[in-house]
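First up is the structure itself, then whatever we jot down about it.
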Amino acid sequence: MSHAATDHNLATEEIRRYHHFITLALWLAAITGVEIVLIFLPVSLSIILTVLCVLSAIKFFAVILWFMHLIYDHRLLFWIFIAGMGLAFATFTALLSLFAVDRIDTKWFS
Amino acid sequence: MSQVAESSHAPTSTGIDHKKLIMWLFLASDCMFFGTLISTHLLYRKLYPTGFTDAEGHQRFIQNLFNIELTSFSTFILLMSSFLMALAVSAMHKGQIKSFRRNILGVIFFGLIFLGCQVYEFTHFLHQGLTIQNSVFGSTFYVLTGTHGTHVAIGVLWLIILYFYSFTGKLVGHMGALDVEIAGLYWHFVDIVWIIIFTAVYLVEYLGPTGFWGTGLPLTK
């Protein structure tokens with residue numbers, strides 16, 4: 001492939017990404033708006049909590065995949081980040097499981 | 001993998017630029033760091049759901065402290081700064097230095113607004129009597145959001161340096177674009193951490209008629 005053709009492909013790719021970024025920014029703003037409205041709706045707490053977690057996860061992955069270029073980049077980078085995130089989530093789950101009590105009796109500390 | 005990514009890689013054994021690889025490794029470790037801080041905050045929020053006692057001995061409730069409008073505004077600002085950062089990186093890949101400078105100034109401006117909101121929030125909380133020492137909530141909240149704020153401040157400083165560095169004429173070509181991309185990765189990471197903090201620390205407090213943690217306090221102010 002000639003140098004001029006490669007440059008043309010790079011420019012086309014960047015323009016395509018530019019449109020993705022604008023669309024994504026609008027979606028992120030809209031999802032944040034939905035989250036704020038959700039917390040005031042008189043719906044079951046577990047449903048709202050689940051929806052909030054799903055929406056956060058969507059925002060999280062949208063940013064790392066498109067804004068951080070993981071979708072365009074080397075697969076190894078994706079797995080490095082997933083490893084760190086997996087360990088963080090495992091720590092979170094382990095801690096919540098270890099302290100799965102409703103509340104501490106403060107008399108033990110007095 | 002796209003042609004852009006393939007053509008921009010330096011000849012390394014992994015096929016990935018070393019600077020970029022190191023940055024991703026750092027972000028993965030920072031992920032664990034924030035994961036621990038967020039876990040600790042949620043854990044202690046569950047174990048000690050009631051509020052705190054201020055300097056005058058009055059019992060205060062956590063839910064009344066938060067200002068959802070301010071936090072939502074901060075979140076929106078940070079998300080939009082991430083968008084501008086993506087545009088700045090894209091501009092550098094296209095070699096459009098003026099466009100890069102415009103977008104990076106926008107990111108710096110939004111970052112400073114975010115920091116201003118955080119300073120305002122911390123000052124408000126201190127006036128309400130919440131300190132880092134007088135409650136478990138105060139300790140975990142200030143450490144978590146303070147650590148994130150420090151990350152934002154470092155990011156703003158980094159971008160200011162990059163902005164002025166671009167006038168030296170050395171921020172050009174593939175290596176210049178790579179330097180901006182790495183700063184962008186850090187900035188986006190700060191954004192995704194806030195996405196989690198916004199839900200786990202702030203929004204959760206407003207769930208249900210008496211708050212998610214069940215303190216028995218109605219949320220009406």
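Consider the range B:24-33 and keep the residues that are surrounded by 20 or more Cβ atoms within 10 Å (Cβ to Cβ) and not small (Gly, Ala, Ser). The one that is nearest to B:Val136 (Cα to Cα) is B:Cys31.
Every condition in (1) within 7 Å of chain B (Cβ to nearest Cβ); (2) part of a helix (DSSP H, G or I); (3) surrounded by 18 or more Cβ atoms within 10 Å (Cβ to Cβ) holds for A:Leu55 except the one numbered (1). State whether one or more residues within the range B:49-59 are facing chain A (nearest Cβ under 7 Å), assigned to a loop (DSSP other than H, G, I, E, B) and over 17 Å from the mean Cα position of the chain (by Cα). Yes, there is a match, as at least one residue in the range B:49-59 is facing chain A (nearest Cβ under 7 Å), assigned to a loop (DSSP other than H, G, I, E, B) and over 17 Å from the mean Cα position of the chain (by Cα). Considering the range B:182-209, the residues that are in a helix (DSSP H, G or I) and among the small types (Gly, Ala, Ser) include one that is surrounded by the most Cβ atoms within 10 Å (Cβ to Cβ), namely B:Gly184.
Scanning the range B:48-63 for residues that are surrounded by 15 or more Cβ atoms within 10 Å (Cβ to Cβ) and either of a type in the set (A, V, I, L, M) or out of contact with any strand residue (DSSP E or B) (no Cβ under 9 Å at 6 or more places or on another chain) (or both) returns B:Tyr48, B:Pro49, B:Ile62, B:Gln63. If the condition is being within 10 Å of chain B (Cβ to nearest Cβ) and over 19 Å from the mean Cα position of the chain (by Cα), then the range A:18-38 contributes only A:Tyr18.
What residue, among those in the range B:68-99 that are surrounded by fewer than 17 Cβ atoms within 10 Å (Cβ to Cβ), closer than 17 Å to A:Glu35 by Cα and in contact (Cβ under 8 Å) with a residue 24 or more places away in the chain, is nearest to the other protein chains (Cβ to nearest Cβ)? Applying the filter and picking the extreme gives B:Ile68.
Quick note: the coordinates plus some simple rules give every number you see, no bench work behind them. All figures in this text were calculated on a predicted structure; none of them were measured in a lab. Here the Cβ is made from the backbone with ideal geometry for all residues, glycine too, and neighbour counts use every protein chain on show.
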